[in-house]
């Protein structure tokens with residue numbers, strides 16, 4: 001059974017995030033597996049940096065870490081088996097890198113129902129499914 005379950009979350013999409021977390025918890029309870037929530041923060045474009053305060057990146061990181069910690073604390077699962085990771089960059093490469101470095105054997109990712117724009121542009125969930133070195137569960141509403 002799975003021992004390390006990575007769950008990418010989107011702090012701006014609570015419904016989708018909760019669906020993924022609920023699925024991860026259900027699977028984790030079977031084997032007392034570890035769960036790691038990972039959030040990928042987009043990089044601030046260089047063009048905007050001259051308009052941002054000097055400590056903007058640090059304040060953004062601290063704020064996001066606080067939200068991530070709060071999300072983890074709300075999980076109804078043994079807190080010593082829950083951890084978090086904050087990464088910066090594009091979503092799917094960072095999720096795959098976190099899965100690889102942490103040694104995840106399952107990724108549980110929330111996803112919307114596919115729309116025309118998803119078919120044309122692709123989605124992070126689709127790319128994670130295609131390129132992950134471990135099993136992937138896509139949880140949908």
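No value in this document is a laboratory result; all are computed from the given coordinates. Keep in mind the model is a prediction, meaning the values are calculated, not measured.
What's the angle, to the nearest 10 degrees (0 to 90), between helix 91-102's Cα axis and the longest principal axis of the chain?
That works out to roughly 50 degrees.
How big is segment 6-82 along each principal axis, measuring the range of its Cα positions in Å and listing the largest first?
Reported extents, whole Å, longest axis first: 50, 22, 16.
Strictly greater than 21 Å: what percent of every Cα pair in the chain meets that?
Values: 4204 of 9870 pairs.
In whole percent, the share of Cα-Cα pairs in the chain beyond 21 Å is 43.
For segment 82-99 and segment 7-72, write down the distance between their C-alpha centroids in whole Å.
So the two Cα centres are separated by 9 Å.
So what's the angle, to the nearest 10 degrees on a 0 to 90 scale, between helix 56-73 and the longest Cα principal axis of the chain?
It is inclined by approximately 20 degrees.
Relative contact order for the chain: what is it in percent, counting Cα pairs under 8 Å that are at least 6 residues apart?
On the way: 213 pairs, mean separation 47.9, N = 141.
Reported relative contact order: 34 percent.
Once the Cα atoms of helix 14-31 and of the chain are each reduced to a long axis, what angle between those two axes, in degrees from 0 to 90 to the nearest 10, is obtained?
Once rounded, the angle reads 40 degrees.
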